[in-house]
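What follows is a set of notes on a single structure, which appears directly below.
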Amino acid sequence: MAKSAVRYICSNCGAVSLKYQGKCFECQSWGTLVESRVEPEESVRGRRSSAPAAPRTQRLLDVEPSEFRRHTTGIGELDRVLGGGLMQASAVLVGGEPGIGKSTLMLQLAPRMAPAKVLYISGEESPNQIRERAKRLSIAAENLLLLPEVNLERIIAAIEHEKPALVIIDSIQTVHSEEYQSSAGTITQIRECAALLIRKTKQLNVVLMIIGHITKEGALAGPKALEHMVDTVLQFEGEGYQRYRIIRSVKNRFGSTNEIGVFRMEENGLEEVANPSEFFISGRMSGVPGNSILAGIEGSRALLVEVQALVSKTGYAMPQRISTGFDLKRMSIILAVLEKRLGMQTWGQDVFVKITGGLKLVEPAADLAVAAAIASGLANLPVDASTVCCGEIGLSGELRAVSDSERRIREAAHLGFRRIVLPEANTRELKPSLKKLPIAITGSRTLQDALSHLGIA
Ligand code: TYD
Ligand code: MG
């Protein structure tokens, strides 16, 4: 048998290094490399004297279309992020902070699979605790089997014996294989256990859902390593103490990514939010400086989102820049453009930006709404309450075209807004049907012009 080799695996990003280093070469974090033993595969080349027979290849045109079955869960917002339901024999990673509702969602999913068998393997809670939760959720699923187990070999044996349609592992951090010396939750255990579970369930044509906890930094522990192994990665967003939960598909081999599902945590579990735009702008106060509304796109859905900014004179040598739900570097660029191109005095001001509802805005089209909220706060002038906006901001202060302008316009009109300000490039070839909507479509070439249409500057 070949000797096991020592490798150093980053506990933050999962990168593998041959030698110890203080700093991970991949994610640049310090002191995260941990020693682990990897068992090398038996050296095949060493034993075989002749080259293996060449495997048969296939012409692309000859590939038979195979019918993959999707199981729609009936939870519309979940089906949406999955790309239309759970795909047969797929592996889904569900990540989120503790207490955000991962176990709850899995439990709610179980009765939707009936009459197909669901095996819920929990290393975190006892069957009694799960029963209590199921009672709260009014779930009495006859097809649901519980197994409190953390040992990988026994888990696999149970899957082989029960042959369920869906296996839920709650959570991968508690699973432990006898093959490896390291304790449960270490990167080696997480990687190897997940890999074996995925291989096994694919062989048996079983859907696998793996729950993974997220670290404080917001990354899945052992994250990168698991992300490339699974077919779909779903991530819970939203702050634990708020009632709203957003599930985003970060990766999906069977659907589009960045699709979101919006839920509300109620007494009896997660409930779908039927009209997310209304929810994201529901708490806004019109006529207050520092707010704007983005006509956004998340996945395949148009979504109106409120952006808030608080700008106040700093009491520090270095002004504070804090942002929740929006990238801090992009916020700095927007501040620099406001200062340099529009002559606004951002230096000497603390700036706080917040995207309401716990949503994380990633699309560049959000720039204009963030700039508008900050400029509105700086100028102490409210953005016109019946106007929404979108647009990417360039370093010269120009507005760059956004994707999917039609859906943005329709959603804004649908929710009763009177005007949408967007990059001029998006207004050049508008469909006649859009012009008939009860909303004014205003194109701007520059940030300056857009801000004046929004009632600031
Ligand atoms: P849980 O699913 O246990 O989170 P996770 O598995 O991601 O750690 O959710 C726990 C939280 O949800 C807990 O704070 C209580 C709350 N909750 C409700 O508000 N209503 C419910 O019906 C349930 C089951 C939980
Ligand atoms: Mg849980």
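The values are calculated or read from the model by the stated rules, or taken from the named source; none is laboratory data. The model shown is predicted, which means the values in this text are computed figures rather than measured ones. Please note: Cβ atoms are built from the backbone with ideal geometry, for glycine as well, and neighbour counts cover all protein chains shown. Accessible surface areas use protein heavy atoms only, side chains included; no ligands, DNA or RNA. Shrake-Rupley method; radii C 1.70, N 1.55, O 1.52, S 1.80 Å.
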Would you point out which residue out of R408, R400 is buried (at least 20 other Cβ atoms within 10 Å of the Cβ), of a type in the set (K, R) and within 26 Å of the chain's Cα centre (by Cα)?
R408
On the basis of being of a type in the set (D, E, K, R), under 17 Å from G391 (Cα atoms) and touching a strand residue (DSSP E or B) at 6+ places or on another chain (Cβ under 6 Å), does D327 make the cut?
no
Got at least one residue in the range 317-328 being touching a Phe, Trp or Tyr at 6+ places or on another chain (Cβ under 6 Å) and more than 27 Å from I456 (Cα to Cα)?
no
Contact list please: Cβ distance under 7 Å, first residue in the range 303-319 and in contact (Cβ under 8 Å) with a residue 40 or more places away in the chain, second residue among the aromatic types (F, W, Y), pairs at least six apart or on different chains.
L303/F280; L304/F280; V305/F280; E306/F280; A309/F352; L310/F352
Among all residue pairs at least 6 apart or on different chains, which show Cβ distances below 7 Å where the first residue, located in the range 188-217, is at positive phi and the second is more than 16 Å from ligand 1 (Cβ to nearest atom)?
N205/Q88; N205/A89
Any residue in the range 284-299 that is in a helix (DSSP H, G or I) and touching a residue at least 40 places away in the same chain (Cβ under 8 Å)?
no
On the basis of being of a type in the set (K, R), open to solvent by 50 Å² or more (accessible area, probe 1.4 Å) and within 13 Å of ligand 2 (Cβ to nearest atom), does R133 make the cut?
yes
Residue list for the range 95-107, restricted to those being buried (at least 24 other Cβ atoms within 10 Å of the Cβ) and more than 10 Å from ligand 2 (Cβ to nearest atom)
G95
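The rows are residues; the columns are (1) modelled with pLDDT under 95; (2) within 16 Å of ligand 2 (Cβ to nearest atom).
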| position | (1), (2) |
| --- | --- |
| P127 | yes, yes |
| S138 | yes, no |
| I156 | no, no |
| H161 | no, no |
| E179 | yes, no |
| S183 | yes, no |
| R191 | yes, no |
| I198 | no, no |
Anything in the range 391-409 that is at pLDDT 95 or above, touching a Lys or Arg at 6+ places or on another chain (Cβ under 9 Å) and of a type in the set (K, R)? List them, or say none.
none
Tell me yes or no: at least one residue of the range 286-294 is touching a strand residue (DSSP E or B) at 6+ places or on another chain (Cβ under 7 Å) and within 18 Å of Q108 (Cβ to Cβ).
no
Take the conditions more than 20 Å from H414 (Cβ to Cβ) and modelled with pLDDT of 90 or more and apply them to L310. Does it pass?
yes
Got at least one residue in the range 140-152 being surrounded by 15 or more Cβ atoms within 10 Å (Cβ to Cβ) and closer than 22 Å to E267 by Cβ?
yes
Can you name the number of the only condition in (1) within 16 Å of ligand 1 (Cβ to nearest atom); (2) surrounded by 15 or more Cβ atoms within 10 Å (Cβ to Cβ); (3) at pLDDT 90 or above that E237 fails?
(3)
If we ask which residues in the range 11-60 are modelled with pLDDT of 80 or more, within 26 Å of H213 (Cα to Cα) and either loosely packed, with under 10 Cβ neighbours inside 10 Å or not polar (S, T, N, Q) (or both), their number turns out to be 11
Among residues of the range 414-439, those that are surrounded by 15 or more Cβ atoms within 10 Å (Cβ to Cβ) and small (G, A, S), counted
1
Residues being more than 10 Å from ligand 1 (Cβ to nearest atom) and either among the basic types (K, R) or under 22 Å from K251 (Cβ atoms) (or both): count how many of those fall in the range 86-113.
10
Just checking, does the range 247-258 include any residue being within 16 Å of ligand 2 (Cβ to nearest atom), in a loop (DSSP other than H, G, I, E, B) and either within 23 Å of P364 (Cα to Cα) or of a type outside the set (F, W, Y) (or both)?
no
